[in-house]
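The values are calculated or read from the model by the stated rules, or taken from the named source; none is laboratory data. Here the structure is a predicted model, which is why all the values come from computation and not from measurement. Reconstructed Cβ throughout: ideal geometry from the backbone, glycine too, with neighbour counts over all protein chains shown.
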Amino acid sequence: MMTRTLSLATLLSTLLITPVLAEDTPAKTISDIYQQRAALNGQQVTLRGKVVKVNNLIMDRNWVHLQDGSGDAADGSNDITITTQDKAQVNDQVTVTGTLAVDLDFGSGYKYPLLVEKATITPVQ
């Protein structure tokens, strides 16, 4: 009985603490993510920026392009693509949290050097 109570207490404390830790994750710039892509592949990332393009409901998800003023337009490292079920509009300032995927190729010319998948989007106030 004591073990079950301890396990339940541990589970509850983890569930209550985890959202606080996720919000405290420091945001990275798009340039940071490009530079650290190998180490961040498969990891949760948080970033802030301006929505510059939106394509809704393609392959059952919304595709959002984000820029934050970092990176280089010449090599494309100034823009990152997000997939989400959330809605966003061009010019929205947002915070995004999702899982980074590196070098995804969906075929038919749709290749992404970086993609933040299954992201949540929160408007910046």
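Considering only the range 62-81, I want to know if a residue exists there that is in contact with a Leu (Cβ under 6 Å, 6 or more places away or on another chain), modelled with pLDDT of 95 or more and part of a strand (DSSP E or B).
yes
Mind counting the residues in the range 47-89 that are under 17 Å from the mean Cα position of the chain (by Cα) and of a type in the set (A, V, I, L, M)?
So the count comes out to 9.
Looking only at residues that are among the hydrophobic types (A, V, I, L, M, F, W, C) and at pLDDT below 95 in the range 20-61, which one is nearest to Ala88 (Cα to Cα)?
By that ranking, first place goes to Leu57.
Out of the residues in the range 82-125 that are charged (D, E, K, R) and modelled with pLDDT under 95, state the one that is farthest from Lys50 (Cα to Cα).
Asp105
Cβ-Cβ distance below 7 Å, separation of 6 or more or different chains: which pairs start in the range 87-115 with a residue that is touching a residue at least 24 places away in the same chain (Cβ under 8 Å) and outside any strand (DSSP E or B) and end on one that is surrounded by 14 or more Cβ atoms within 10 Å (Cβ to Cβ) and among the aromatic types (Phe, Trp, Tyr)?
none
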